Amino acid sequence: MAGAAGPGTGPGAAGGDGDDSLYPIAVLIDELRNEDVQLRLNSIKKLSTIALALGVERTRTELLPFLTDTIYDEDEVLLALAEQLGNFTGLVGGPDFAHCLLPPLESLATVEETVVRDKAVESLRQISQEHTSVALEAHFVPLVKRLASGDWFTSRTSACGLFSVCYPRASSAVKAEIRQHFRSLCSDDTPMVRRAAASKLGEFAKVLELDSVKSEIVPLFTNLASDEQDSVRLLAVEACVSIAQLLSQDDLEALVMPTLRQAAEDKSWRVRYMVADKFSELQKAVGPKITLNDLIPAFQNLLKDCEAEVRAAAAHKVKELCENLPTEGRETIIMNQILPFIKELVSDTNQHVKSALASVIMGLSTILGKENTIEHLLPLFLAQLKDECPEVRLNIISNLDCVNEVIGIRQLSQSLLPAIVELAEDAKWRVRLAIIEYMPLLAGQLGVEFFDEKLNSLCMAWLVDHVYAIREAATNNLMKLVQKFGTEWAQNTIVPKVLVMANDPNYLHRMTTLFCINALSEACGQEITTKQMLPIVLKMAGDQVANVRFNVAKSLQKIGPILDTDALQEEVKPVLQKLGQDEDMDVKYFAQEAISAVAQRLTKLDFPVKDNEEPSAPGADKNHFLRPRGPGEDTGKFVPLMSRHTESERLGWFPRRQ
Amino acid sequence: PPSCWLFCSPLLPSPLTPALSPHRCHPPPSALSTPPSPGEGGEFRKQRPRGTQQGHHLQRNMAGAGGGNDIQWCFSQVKGAVDDDVAEADIISTVEFNHSGELLATGDKGGRVVIFQQEQENKIQSHSRGEYNVYSTFQSHEPEFDYLKSLEIEEKINKIRWLPQKNAAQFLLSTNDKTIKLWKISERDKRPEGYNLKEEDGRYRDPTTVTTLRVPVFRPMDLMVEASPRRIFANAHTYHINSISINSDYETYLSADDLRINLWHLEITDRSFNIVDIKPANMEELTEVITAAEFHPNSCNTFVYSSSKGTIRLCDMRASALCDRHSKLFEEPEDPSNRSFFSEIISSISDVKFSHSGRYMMTRDYLSVKIWDLNMENRPVETYQVHEYLRSKLCSLYENDCIFDKFECCWNGSDSVVMTGSYNNFFRMFDRNTKRDITLEASRENNKPRTVLKPRKVCASGKRKKDEISVDSLDFNKKILHTAWHPKENIIAVATTNNLYIFQDKV
């Protein structure tokens, strides 16, 4: 907890005459009330250090009262304080004194910021475990009651989260009181409190005796589920999951299902949305029998709900629902009771619904097997591949691997191609970006011949897209393709095309060549890099556009590690030297960067033992490079410009013969 | 955590992106099928709507069941400068009581919010309830410039709404044309004392003299009221915000501009949902704008919005995530005999307020106040003429732009009396039970406390009786647009241009 602060835990620890060790603590304490939030925050985060220095006695009698009153502070300070106090039991003297921490946490539990309150409640829950049973009833339970009957709803909402931690350890008389308090919060005047109670209902139910669950929790659940505010009703759906797990099938059928059926048909779309959203949890909680009798029909209704939000939420759950059905009879149920509704959704009027379906529908093929997939699902996939909404098509394409496993991608490839081409040329660059991301995956599944024939030209076209993000993604895509198809393929198909662009009149395209080389050099290996790429890069050092020139410098730095020493020494070095004297200051800067990086490499090659040499600072102040050159420096011998890089100067560029 | 509204739902369109919409903030003049007024460069909205409302009271017990006309209204206080020379920034733009009535907030064109607090009742002077004194003043909004659209954003406070009280502090939302802010107003009466390394006055101590650690202690101090901004809800409105309204679920609120209504969570500033959008695909086809919107006081899924065409639409958020389709449309058939060039302008609704009970709503158009039963859409259950005598003056009111003034209206705590403003610093009250009405004047004359206000009469035509004022002598520069009624007592706040008058019933 506060291990760093040393062993001074006794009350006398703060004694000592003019003790040097007091000074840092004194600073920390003073900064608890500094005007700078950051300093206060730092101090609060080291609260354990302060407490350790003060000793348990003074922490209890002085520090905690001070902290109890600091609730006016900024949220982030209060949040940190609430968190610290959860781990403070040891610092106030152990479990016997844990109750001393309740007052500050109680006031934190009433602030208006939800994050702070929640953290205070979390810490209170933590501390409750450290109370003895006696202390729990003497201090903690009264605190819960105080919060539960507080004037402001912030304190009552906080109380809701504390019942479940004190209930199991309380005596039966106190238990009855706690239940009573929880009951009254469930019918509180303010919806905030009812919502808090509804969201803790499941948790509370779990710690109650089964009889109490049936006799008390179920009625509360029923009430909350028919609350006048839909924001409360929708939380009851979540509670339903927890309560259902506690009851036998018969009780479930009699006590919970009527309410759940009602929720699935609620007048408010938000409640129905919640049912759809929690469907898998509900399905697991109620078991297979009720699922078949009740949930499947309910799910069918959700899939054809009048509100698109609900249909989309349900569509998202299609795959999970099917997966979780008992394997026996699963195929029949899906084919007869789910698939007809899915077919409807494929031509839904709302694109979000279609796209939600498209993101999971491919998963059904593994469940239904090859024949069903070809006969029933394939037409749906094909329809979605032709959907007017790009997101739908993308979702299908991004999940192709599921189908590939079952029926092989060939079945789809004829329809796939037009869909891909269309997405590749979509007017929205984000759509183009998305399809590029899937290219390596597609390439792997479709194979190199298909790719070369149909898709290669697309990949090259993206390199000259007018949006930078697309060009960048296209560059990375090439690298992944090379990793997949190998260097020989790269040398024959990709590299020549990339290198041709070095002569493009548009400097942006010339730069793309450089970016491609950066990305490809490693995947292509030393030979291709040295023989094919390097000459082009070096040639471009004479480009008239400064952006191209400094990117040449960057590229040289990037591909340096792949090149051999001779190439570095004979070819790269002179070019970088020249660029180092460029009239453009950015070109100079990046040339110098490259020079020191390459120098490092040469050094290491020569003296492998000097591995721990301090590397040149890559983020060095740019102005260092603007130093005017003196006469005599340009004598053909390289003189590093940066005096602080003494290592490079000494070892760097002087020819070194073995 | 009560983050249960589906703010994570991916489908609802975010209104954050259309902020870049190229359209100007003022709809074109064709919108109301009236010619642009002279000298205004085609800007058709002369004045932004604003409102005082008491829509969300937690309690509706009302002192004095009669209210309104049967009680005698007395002068209580007047706030603001005495001289006639009015600084633009001092013009009051909204007035609002909090839910207990203990606090009264005003906003002005200078972006300031001033909060008055009612003093504890004085036992000796039992004839007068506590006076309202300044509790806190803060600068809520500053003038800004939108560089993307080359638009100046005024600091003027369009609306203030108090949140239901959640702890010892008070919270309110204030908005200008574009940005809504959540403010916390809290009291502090203790401050920490004691440093280790310095004296209380800031002088540093010699660190070597520090032999023991001191923990600061809180000591009582003079009460300090702090206003701190807690949340800023920005970038969601392309047009000017005319209304904000807090939902009875305590966690969401709506904000309405000329063409759209957005739904916010009070704790989430970077996301809001567009629930109504009446912007036509082609702005040339624009025929109506949203003028005001409000949540139902206790049914959390119901809200209404009024339009420049004199209609009110009621929407049910349960039915659908997007509320472009209304569930009820309140509209009164036009009286053909009154049809004129100005019909559409004067039927534009400037304010809509639910009664505390939630059964009725009140709308204000240029000449009248109408009360609607939520269960009857085809006509209002009550109509009160505010200043019918102006009907013959519409032409000159159009010339001087007064016809575009946005008068607000309010209910008393028991929904039995309604109040709204007029010209010449007159304001009107209508008793719904006795059907009696009264005209009173907010004036510095006779402003001794407990002076009973004399009813005023405007002489419409013919011979003017004694004590009557001729229509021609009304001062149209003195208008009362904003009024507020204490939620439980007969105390009203009336804003004239730069003065705030507080009146109460004679006890």
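The values are calculated or read from the model by the stated rules, or taken from the named source; none is laboratory data. Please read all numbers here as calculations on a predicted model, not as lab measurements. Note that each Cβ is placed from the backbone with ideal geometry, even for glycine, and that neighbours are counted across all protein chains shown. Surface accessibility is based on the protein's heavy atoms, side chains included, excluding ligands, DNA and RNA. Shrake-Rupley method; radii C 1.70, N 1.55, O 1.52, S 1.80 Å.
Listing for the model above:
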| read-out | value |
| --- | --- |
| Number of the condition not met by B:T287 [criteria: (1) β-branched (V, I, T); (2) within 14 Å of chain A (Cβ to nearest Cβ); (3) in a loop (DSSP other than H, G, I, E, B)] | (2) |
| Residues satisfying the stated conditions in segment B:210-229, i.e. among the charged types (D, E, K, R), within 9 Å of another protein chain (Cβ to nearest Cβ) and over 17 Å from A:E74 (Cα atoms) | B:R214 |
| 2 or more residues within 14 Å of another protein chain (Cβ to nearest Cβ), open to solvent by less than 50 Å² (accessible area, probe 1.4 Å) and free of Cβ contacts under 8 Å to residues at least 60 places away in the same chain: qualifying helices (runs of 4 or more DSSP H) within segment A:274-373 | A:308-316, A:351-361 |
| Matching residues, segment A:144-176, being surrounded by fewer than 16 Cβ atoms within 10 Å (Cβ to Cβ) and either within 17 Å of A:E209 (Cα to Cα) or among the acidic types (D, E) (or both) | A:D151, A:P168, A:S171, A:S172, A:A173, A:A176 |
| Residues located in segment A:29-70, provided they are small (G, A, S), within 12 Å of another protein chain (Cβ to nearest Cβ) and more than 20 Å from B:G202 (Cα to Cα) | A:A51, A:A53, A:G55 |
| Residue in segment B:130-142 that is within 29 Å of B:T238 (Cβ to Cβ) and open to solvent by 40 Å² or more (accessible area, probe 1.4 Å) present | yes |
| Residue within segment B:173-183 that is within 14 Å of another protein chain (Cβ to nearest Cβ) and open to solvent by 20 Å² or more (accessible area, probe 1.4 Å) present | no |
| The listed residue being in contact (Cβ under 8 Å) with a residue 60 or more places away in the chain, surrounded by 14 or more Cβ atoms within 10 Å (Cβ to Cβ) and within 26 Å of B:L104 (Cα to Cα), out of B:N262, B:N235, B:N247, B:N242 | B:N242 |
| Close pairs (7 angstrom Cβ cut-off, 6 or more residues apart or separate chains): under 22 Å from B:Q170 (Cα atoms) in segment B:84-99, crowded, with 17+ Cβ neighbours inside 10 Å and acidic (D, E) anywhere | B:I92/B:D108; B:S93/B:D108 |
| Residue match in segment A:54-75 (condition: within 31 Å of the chain's Cα centre (by Cα), over 15 Å from A:I127 (Cβ atoms), outside any helix (DSSP H, G or I) and of a type outside the set (S, T, Y)) | yes |
| Index of the failed condition, A:G447 passing every other in (1) modelled with pLDDT of 85 or more; (2) open to solvent by less than 40 Å² (accessible area, probe 1.4 Å) | (1) |
| Single residue of B:D249, B:D258 found to be facing chain A (nearest Cβ under 8 Å) and either within 26 Å of B:N301 (Cβ to Cβ) or not aliphatic (A, V, I, L, M) (or both) | B:D249 |
| Residue within segment A:179-189 that is at pLDDT below 95 and open to solvent by less than 10 Å² (accessible area, probe 1.4 Å) present | no |
| Positions within segment B:185-209 being open to solvent by 20 Å² or more (accessible area, probe 1.4 Å), more than 7 Å from chain A (Cβ to nearest Cβ) and closer than 21 Å to B:A227 by Cβ, in sequence order | B:E187, B:D189, B:R191 |
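Every residue, every condition in (1) within 14 Å of another protein chain (Cβ to nearest Cβ); (2) at pLDDT below 95; (3) open to solvent by 50 Å² or more (accessible area, probe 1.4 Å); (4) touching a helix residue (DSSP H, G or I) at 6+ places or on another chain (Cβ under 8 Å), yes or no:
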| residue | (1), (2), (3), (4) |
| --- | --- |
| A:R194 | yes, no, no, yes |
| A:A197 | yes, no, no, yes |
| A:L201 | yes, no, no, yes |
| A:E209 | no, yes, yes, no |
| A:L246 | no, yes, yes, yes |
| A:A254 | no, yes, yes, no |
| A:W269 | yes, no, no, yes |
